[in-house]
Amino acid sequence: MAEPKRYVTSEELKTHNKPGNMWFYIQGKVYDVSRWMKTHPGGDLPLLNLAGQDVTDAYIALHPSSAWKYLDKFFNGYYLKDYAVSNVSKDYRKLYSDFSKIGLFEKKGQGFLIFCD
Ligand code: HEM
């Protein structure tokens, strides 16, 4: 028989907000990056700023789609009991999804030019 789902509340999530005790909520699941913070390719500062919170939108905004596969190994088995998605977040996620579907985030091999006097 399947194990019953385990839940934490937002209040409890907030207490996991420091080096050595760092959880995040991302799109449905809670992740524990306590021992990985120093290895995060984006540095520890952005993690420290948002530790213990729902970082779904930040994760979508700042990571390439290839980063989603890293999440699995940090899932700590908990789901968030009382999550709420603001209207702004709903709009943002819809826009992101619509833009993705029409390929606006695909790399097209653009370069850039540097002009020197
Ligand atoms: C479980 C949590 C997280 C995981 C597993 C994770 C994983 C990663 C990975 C794999 C990369 C490298 C992406 C690449 O290939 O370019 C990355 C970069 C980055 N991450 Fe995270 N991340 C997490 C949370 C966060 C959060 C909460 C923030 C910000 C609030 C953040 C900000 C960044 C930034 C700024 C970069 C650098 C992006 C760039 O170089 O363009 N990350 N992260």
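Past 31 Å, Cα to Cα, is the threshold; run Lys18/Lys107; Lys14/Lys38; Lys38/Lys101; Lys18/Lys101; Lys81/Lys107 against it and keep the listed order.
Too far apart for the 31 Å limit: Lys18/Lys107; Lys38/Lys101; Lys18/Lys101; Lys81/Lys107.
When the solvent-accessible surface of protein heavy atoms is calculated with a 1.4 angstrom probe, in what order do Arg35, Arg93 fall, highest first?
Largest to smallest exposure gives the sequence Arg35, Arg93.
Which one of Leu104, Leu50, Tyr79 has its Cα pushed farthest toward the positive end of the charge dipole of the chain, where Lys and Arg give +1 and Asp and Glu give -1 at the Cβ?
Tyr79
Determine how large the accessible area of Tyr92 is when every protein chain is in place; take a 1.4 Å probe and give Å² rounded to the nearest 10.
70
Could you point to the residue in Ala67, Leu13, Met1 farthest towards the positive end of the chain's charge dipole, with +1 and -1 charges on the Cβ of Lys/Arg and Asp/Glu respectively?
Among Ala67, Leu13, Met1, the one farthest towards the positive end of the dipole of the chain is Met1.
In percent, what relative contact order does the chain have, based on Cα pairs under 8 Å that are 6 or more apart in sequence?
Here the relative contact order equals 31 percent.
Can you sort Glu11, Glu3 by solvent-accessible area, 1.4 Å probe, largest first?
Final ranking, largest accessible area leading: Glu3, Glu11.
Placing +1 at every Lys and Arg Cβ and -1 at every Asp and Glu Cβ, with all other atoms neutral, what dipole size does the range 1-93 have around its Cα centre, in debye to the nearest 20?
Around 200 debye, computed over the range 1-93.
Suppose R0 equals 25 Å; then what is the FRET efficiency for Lys69 and Ser10 from their Cβ-Cβ distance, rounded to the nearest 0.05?
0.40
To the nearest 10 Å², what's Leu45's accessible area with a 1.4 Å probe?
120
Looking only at Asn87, Asn21, Asn49, which one moves most when the chain is put into a Gaussian network model with springs between Cα atoms under 10 Å?
Asn87
Could you list log10 I(q)/I(0) for the range 6-101 at q = 0.14, 0.23 Å⁻¹, which the Debye formula gives when each Cα is one point scatterer?
Debye output, listed in q order: -0.51, -1.31.
Just to verify a number: FRET efficiency for His40 and Asn76, C-beta to C-beta distance, R0 = 25 Å, to 0.05?
Computed FRET efficiency for His40 and Asn76 comes out at 0.95.
How much FRET efficiency would the formula 1/(1 + (r/R0)^6) give for Glu3 and Leu48, where r is the Cβ-Cβ distance and R0 is 25 Å, rounded to 0.05?
That pair, Glu3 with Leu48, gives E of 0.20.
Could you tell me what percent of the accessible area of the chain is made up of carbon and sulfur, with a 1.4 Å probe and every protein chain present?
The C+S portion of the solvent-accessible surface of the chain is 58 percent.
The values are calculated or read from the model by the stated rules, or taken from the named source; none is laboratory data. Quick caveat, the model's predicted, so the values are computed rather than measured. For neighbour counting, all protein chains shown are included, and Cβ atoms are generated from backbone atoms with ideal geometry for every residue, glycine included. Side chains included, ligands, DNA and RNA excluded: accessible areas come from the protein's heavy atoms. Shrake-Rupley method; radii C 1.70, N 1.55, O 1.52, S 1.80 Å.
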